[in-house]
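Chemist: What follows is a structure written as structure tokens; I'll ask about it next.
The values are calculated or read from the model by the stated rules, or taken from the named source; none is laboratory data. This structure is a prediction, so every number in the text was calculated from the model and none was measured. Using ideal geometry, Cβ is built from the backbone for each residue, glycine included, and neighbour counts are taken over all protein chains shown.
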Amino acid sequence: MATTFQLLEDYTQEYEQRIRALGDQNSPGDLLLIHRTLFQPPAQAGQLLGPQAGTLIARLTVMRIFPPTPPNAEPVLLYAGNADHNLAAGMISGQGSYRSDDASAVFSIIGGTGIYELAQGTITLEFLPSNKGRFTYRLLP
């Protein structure tokens, strides 16, 4: 039976660095480096976040740029990359791709450390409207 749990990230509490391949414009080959805190879901109604659960470190590359899709005025970026979810019991490593206009994305779990060594499964990221992201981890037995 699969093990499933959720964690949240808060986009207002982040470190994010863009390394552009061609000056100030978005282009294929741009790098996006992310370091964010992961939180447990809130235990009580009215709380935005629960206790700190770990950190996320992601390395993403812009693979392709698509024209804006109405009502958005910004171009749509296709990212591919990998991320380490550092938790108390070990690290979960994932990889995959997503578009900047996606409401959610599913990534492959490709291993980890500690109790997550040799882990397999999926990580689903839902982009929530309140500057939050919700990760759902589904670890296969």
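Chemist: Specify which of the listed residues (Gln44, Gln17, Gln13, Gln25) is exposed (fewer than 13 other Cβ atoms within 10 Å of the Cβ) and either of a type in the set (D, E, K, R) or within 17 Å of Leu128 (Cβ to Cβ) (or both).
Modeler: Matching residue, one of Gln44, Gln17, Gln13, Gln25: Gln13.
Chemist: Report whether or not Asp102 is modelled with pLDDT under 95, among the charged types (D, E, K, R), surrounded by 14 or more Cβ atoms within 10 Å (Cβ to Cβ) and within 19 Å of the chain's Cα centre (by Cα).
Modeler: yes
Chemist: Go through Asn72, Asn131 for me and flag whichever is surrounded by fewer than 13 Cβ atoms within 10 Å (Cβ to Cβ) and touching an Asp or Glu at 6+ places or on another chain (Cβ under 9 Å).
Modeler: Selected residue: Asn72, the only one of Asn72, Asn131 that is surrounded by fewer than 13 Cβ atoms within 10 Å (Cβ to Cβ) and touching an Asp or Glu at 6+ places or on another chain (Cβ under 9 Å).
Chemist: Could you please find all residues in region 71-106 being more than 16 Å from Asp30 (Cα to Cα), among the aliphatic types (A, V, I, L, M) and either in a strand (DSSP E or B) or touching a Cys at 6+ places or on another chain (Cβ under 9 Å) (or both)?
Modeler: Within region 71-106, Ala83, Leu87, Met91, Ile92, Ala105, Val106 meet the criteria.
Chemist: Select the strands (runs of 3 or more DSSP E) contained entirely in region 1-68, then report the ones holding at least 2 residues which are aromatic (Phe, Trp, Tyr).
Modeler: The strands (runs of 3 or more DSSP E) meeting that bar are 3-19.
Chemist: Something else: Give the residues of region 1-20 that are in contact (Cβ under 8 Å) with a residue 40 or more places away in the chain and of a type in the set (A, V, I, L, M, F, W, C), sorted by residue number.
Modeler: Met1, Ala2, Phe5, Leu7, Leu8
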